[in-house]
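What follows is a set of notes on a single structure, which appears directly below.
Coordinate-derived values only; no laboratory data. Source: prediction; values computed, not measured.
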Amino acid sequence: MTHNSADEEPRSKQREAWDGDPPHRTAARERLLEVAAQCVARDGIARTGIAHVALEAGVSRPTVYRYFKDREELIRSVLLQAGLRLANDVQEHIRSFADPGEKIVEATLFTLRVIRDNPVLRQVWQPATFDANVLHGFTQPASITFTRVACSEIIEITRWDEDQAAEGMEFMLRMILSLLAAPEPHRTEQELREFLRRRLVPALRL
């Protein structure tokens, strides 16, 4: 019988601690996050647990628990890190566009592209893995905060106040979620760009 629990002990030979290259204490948490991200990308979230990350890093489970109180905190930290990187990449990508409407369109397209291509984000935001928890988390405050970081130039140009910015980012996230969850009808990137110009831009009054 095959067990898929993320908490079971992986059956593999013991590796040397930290693969023979122990980091300084301040870098140890980041190293564990990198390893956990590799496990998520390769095996999926459901199959990634403390024991698997410890084995991959070549450390004991108590070492992982020294930096993350449980599996949930470890996985959440991996996803938060990926989300922040995405937000910074979006911010950089849309910098060359002057019009706020074009910025929001390109930010949406870029986000969709990265989520589909990034091995960690793809494990979460693909229709086959959507569940109530995933859907619930998509428009939570952390996601809206990341979107506000990504679209800070748009918020500055439009001079949206706090409520307008939060509502605008929520609407954008809901658009992205719908396009991920229900990708049909299929559109080329240019066709999707035109669709967003016709529908998303007017909805946000840009």
Study note, to complete from the structure: Going residue by residue through segment 192-199, the Karplus relation 6.51 cos²θ - 1.76 cosθ + 1.60 with θ = phi - 60° gives ³J(HN,Hα) values, rounded to whole Hz and with x marking Gly or Pro, of 5, 4, 5, 4, 5, 5, 6, 10
Review point. Sorted from largest down, what three extents in whole angstroms do the Cα atoms of segment 79-203 have along their principal axes?
Key: 37, 30, 23
Review point. Along its principal axes, what span do the Cα atoms of segment 51-130 show, with the longest given first and each in whole Å?
Key: 52, 27, 18
